[in-house]
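Here is the structure we will look at, set down as structure tokens.
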Amino acid sequence: MDRYKVIKTIGDGTYGSVSKAVHRNTGDVVAIKQMKKSVRGWNECINMREVRALLHINHPNIVKMLEVIKENNYLALVFEFLDEDVYHHIKDRTKLLSETHIRNIIFQTLQGLAYMHSKGLFHRDLKPENLLIKAGTVKIADFGLVRDMRQKPPFTEYVSTRWYRAPEVLLRSQNYGPAIDMFALGALMAELYTFKPLFPGSSEADMLQKICKIMGTPRNWPQGQSLASQIGYRFPNEIGIPLQSLVPNASEFAIDLMKAMLNYNPEARPTAVDALRHPYFSTSLSIPRNPQNHDPVPQPPSTNRPNELAKFSRPDKEAQKGKPKGEAQSSVYERMKKAKYVPGVVCKW
């Protein structure tokens, strides 16, 4: 730690504090996360979930860990420094962001999530404060609650900041996965348009109440009904509010993508790769090629076809009538589960 000079404290949480610092020899500015919990040896350090995850992932839309320091039985993680987070990026603005600006933030976040999920990891605490920005590049940060999906449930019930917590977690499910990151991103995306949280619940019950008020009472989610009955919760009878009325400055494609990510049923939410294929990203977005292997990221469909939005949505039962078994149109979720993900793509506004 003597090699770094701490300039100021950026944040202080339950598990540690983050400071802005400068390397005394190189002058490089870094962020240092100092853990509050003491550690006994290097094995304990390396086996921490956050450290283990960051040692095995490398993507331009995920914050880079530069160094691990153990000193006096305490651990410090050194990261690249980014100017601000998305929360402060919108906090003091008086003018709403353009949809092009929002589209790029969401696109880059999805790139990072797609890479993480392809590596068997899900974040569990996606929120504006954990998306960092520098020179137009967005990076996912704070992997303190990261989980390996290859580990068997049960998982911890209490995860993620409440306002971005998925319904299955609010109902205390111990069997969940990457779909909770997608729900969080759906809520975050709506907030980028309005600068107001979509579900600012004061408790778990209030969160469920607010989700139901906007999204309506879940009618076709058997798992949710089962989870609710196990904890003695009864869903309120709500018809829902059109999302377009709450986010009036969002396009039709934006609303469709948000609704898909905010689906009650985690199995019906799009994966990160699914979402990258949504027609929302086919307008005003330049997608560069992978600098390593020159393969383009899977291209989203063109918005020139008027029925493209309907194609992204999962086909309802009426649409399947009259079709022979096995020939019914499959959903994007099913079509894309096996899609090749090409890491390393960054899009800047």
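Key figures
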| read-out | value |
| --- | --- |
| Where Rh is the Kirkwood radius over Cα pairs, Rg/Rh for region 35-156 | 1.01 |
| Spacing of the two label points (7 Å from each Cα toward its C-beta) at residue 37 and residue 70, in nm | 1.5 |
| Protection proxy ranking, peptides 95-106, 218-229, average beta carbon neighbours within 10 Å, highest first | 95-106, 218-229 |
| 5 angstrom amide H check on residue 39, placed H, neighbours 5+ away | 74, 75 |
| Order of 85, 2, 206 - criterion: other Cβ atoms within 10 Å of each residue's Cβ, fewest first | 2, 206, 85 |
| Descending semi-axes in whole angstrom, ellipsoid equivalent of region 1-47, from the Cα gyration tensor | 22, 15, 7 |
| Pairwise centroid distance, computed over Cα atoms, of region 71-125 with region 167-200, Å | 15 |
| Ordering of 134-141, 15-22, 113-120, 68-75 by burial proxy (mean other Cβ atoms within 10 Å per residue, highest first) | 113-120, 134-141, 15-22, 68-75 |
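Bear in mind these aren't lab numbers, they're just calculated from the coordinates by the rules spelled out. The structure displayed is predicted, hence computed values, not measured ones. Note: ideal-geometry Cβ built from the backbone for every residue, glycine included; neighbour counts use all protein chains shown.
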